[in-house]
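For reference, the structure is listed below as structure tokens.
What follows is calculated from the coordinates using simple rules that are stated; it is not laboratory data. Keep in mind the model is a prediction, meaning the values are calculated, not measured. Here the Cβ is made from the backbone with ideal geometry for all residues, glycine too, and neighbour counts use every protein chain on show.
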Amino acid sequence: MKSFYASVEAVSRGLDPLQVHLAVVGSPDRKGSIVLAASPALKRDFGIKTGNRLYEIPQDSRILIVPARMKLYLDTSMMITQLLNEYAPIEAISIYSIDESWIVTDGLERLYGDIRSIAEHIQKKIMDLHGLPSAIGIGPNKLIAKLVLDNYAKKTGIAACSYQDVEKMFWPLPVENIWGIGERMKRNLNRMGIYLLGDLARTPLERMRKKFGLMGEQLFYHSWGVDLSPVFVDPREELRKGFSSGITLMRDYSLQDVPVVIYELTDTLARKLRKIQAAAFTVSLSIGYSKHANIKGFSRSKTMYQASHTSKHLYETCLHLLKQHASDAPVRFIHVGVSNIIESGTLQIDLFTAKQDEQLMKLGKVMDDIQKKFGPTALVRANALTEASTVINHSTKIGGHTG
């Protein structure tokens, strides 16, 4: 989707998303607020793009500045996914982000014609139903489709690339234009004399493997357009591999305050586990310190003796990791994940803790039922009333933003 948040805001106001000068910001009342989306015209005429700050937007009467409405964007994204589902089964749709998805269209040729005709049909239907502009990259695998989208289709609307076209279309591009290569990897490659994707393709595989390991091998194959990632997915199976929840704090937290937030994150994960009738063996904890601390954060995991979907067990495992690895420095980021997941029906209750575990499971179910019926803040822990808590404030936001 082109400038998705900005386009949705434009359409909701009866404006042309391709002509209006519109910026979506997190908080219009804060000069340092980040621009979350800029309309194509704002990018073209004023050079404002995603990541700029509010104070960088010129004082111009033609520019419309609006606050983010995440629920509106999520609802619109869901409608677009439902539209794609009319063309392909859900297993053939891989959602990459709120505004990008891959869709496998094999078998639609008899209904809509060749692959470009299928893309044009989908693009026109999105515009007719939602008034939103989109771009489509066409390729024989996910990587090529993504690369041709980012480097060509965003300018032309629709673009295609075959394996035979990789050398002509991609090799002249700078390595930083390639999906998956960030600023740090770009610098590393530049130091090796690799500036273009063609340079990477002509670098011996063994040299890339020796320098970067499996990542180097993957980059080498990507430079030739080779991508073996599956195009069909089972969303339920993906969820059962593991999931996580994290938060960037609004201020520096002391080490003593961190457990409050960890408990809130484990509550979220435990609730999600129970919802899919699963339990997790492995818990991971990541801590990021304040930029003023001049110390690197850590990420560690621990596999429990028995799988669990109760917050208390997940929380206690996180505390163990925190005590083992944390430094007494101000914390700014906390992330908790669960993996190694099994069906909760196969849970084995420990003989010595069976009574307590049974009570915790019943308590968890009661909490789930109350929160499902009356909202996430209808029942919270007492520490939600402390200054360290984020749960009440966070419950009013979607994607970190109000609305």
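Normalised radius of gyration (Cα atoms, divided by 2.2 N^0.38 Å) for segment 166-223: 0.98.
Here the Karplus relation 6.51 cos²θ - 1.76 cosθ + 1.60, evaluated at θ = phi - 60°, turns the backbone of segment 97-105 into coupling constants of 7, 4, 10, 9, 8, 9, 9, 8, 10 Hz, with x for every Gly and Pro. If both residues of a DSSP beta bridge must be in the chain, then about 80% of such bridges are antiparallel. Please order Val66, Val25 by the number of other Cβ within 10 Å, starting at the fewest. In increasing order of surrounding Cβ atoms, one gets Val66, Val25. With neighbours defined as other Cβ atoms within 10 Å of a residue's Cβ, the residues Trp179, Trp224 order from fewest to most as Trp179, Trp224.
I need the trypsin sites (Lys or Arg not before Pro) found in segment 240-333, filtered to DSSP loop residues with at most 13 other beta carbons within 10 Å of theirs.
Lys291, Lys296
Enter the Cα centre distance for the pair segment 258-275 and segment 31-59, rounded to the nearest angstrom. That distance is 36 Å. Around the Cα centre of the chain, unit charges on the Cβ atoms of Lys, Arg, Asp and Glu (plus for the first two, minus for the last two) sum to a dipole of about 860 debye. Taking other C-beta atoms within 10 angstrom as a stand-in for reagent exposure, Ser223, Ser97 fall in the order Ser97, Ser223, fewest first. When the GluC sites (Glu not before Pro) in segment 54-134 are filtered for DSSP coil states and for at most 10 other beta-carbon atoms within 10 Å of their beta-carbon, the remaining sites are Glu86. Amide H contacts under 5 Å for Thr50: Ala38, restricted to partners 5 or more places along the chain or on a different chain, H placed in the peptide plane at 1.01 Å from N. If the elastic network links every pair of Cα atoms under 10 Å, which of Ser61, Ser290, Ser27 fluctuates the most in the Gaussian network model of the chain? Between Ser61, Ser290, Ser27, it is Ser61 that shows the largest mean-square fluctuation. Along segment 40-51 the Karplus relation, 6.51 cos²θ - 1.76 cosθ + 1.60 evaluated at θ = phi - 60°, assigns HN-Hα couplings of x, 5, 5, 5, 5, 8, 10, x, 8, 9, 4, x Hz to successive residues, with x for each Gly and Pro. What is the sum of charges around Leu132, taking Lys and Arg as +1, Asp and Glu as -1, for the other residues whose C-beta is under 12 Å from the C-beta of Leu132? That sum, taken over residues with Cβ under 12 Å, equals -1. Over all projection directions, the Cα-based convex hull of segment 72-163 averages an area of 5.8 nm².
Classify segment 1-145 as rounded, prolate or oblate from the Cα gyration tensor: take a ≥ b ≥ c as the square roots of its eigenvalues, call it rounded if a/c is under 1.5, otherwise prolate when a/b beats b/c and oblate if not.
Numbers: a/c = 2.32, a/b = 2.23, b/c = 1.04.
In terms of gyration-tensor shape, prolate.
Under the rule of -39500 (n - 2.57) per DSSP H run of 4 or more residues, summed and divided by the residues of the chain, what mean residue ellipticity at 222 nm is obtained, to the nearest 500 deg cm²/dmol?
Value at 222 nm, helices only: -12000 deg cm²/dmol.
Selection among Asn177, Gly216, Val166 by position relative to the dipole of segment 166-223 gives Gly216 as farthest towards the positive end (Cβ unit charges, Cα centre). Here's how it looks for Phe243: its modeled amide H is under 5 Å from those of Val338, which are all 5 or more places away or on a different chain. Among Thr268, Gly26, Leu322, whose Cα projects farthest towards the positive end of the dipole of the chain, with charges put on the beta-carbon of Lys, Arg (+1) and Asp, Glu (-1)? The residue sitting most towards the positive pole is Leu322. Between Ile90 and Asp368, the distance separating the two model label sites (each 7 Å from Cα on the Cα→Cβ line) works out to 1.8 nm. Computed on segment 72-163, with alpha-carbon pairs under 8 angstrom and 6+ residues apart, the relative contact order is 17 percent. Beta bridges per DSSP, both residues in segment 22-172: antiparallel share near 55 percent.
Put a plus charge on the Cβ of each Lys and Arg, a minus charge on the Cβ of each Asp and Glu, and nothing anywhere else: the dipole of segment 60-204 about its Cα centre is then about 480 debye.
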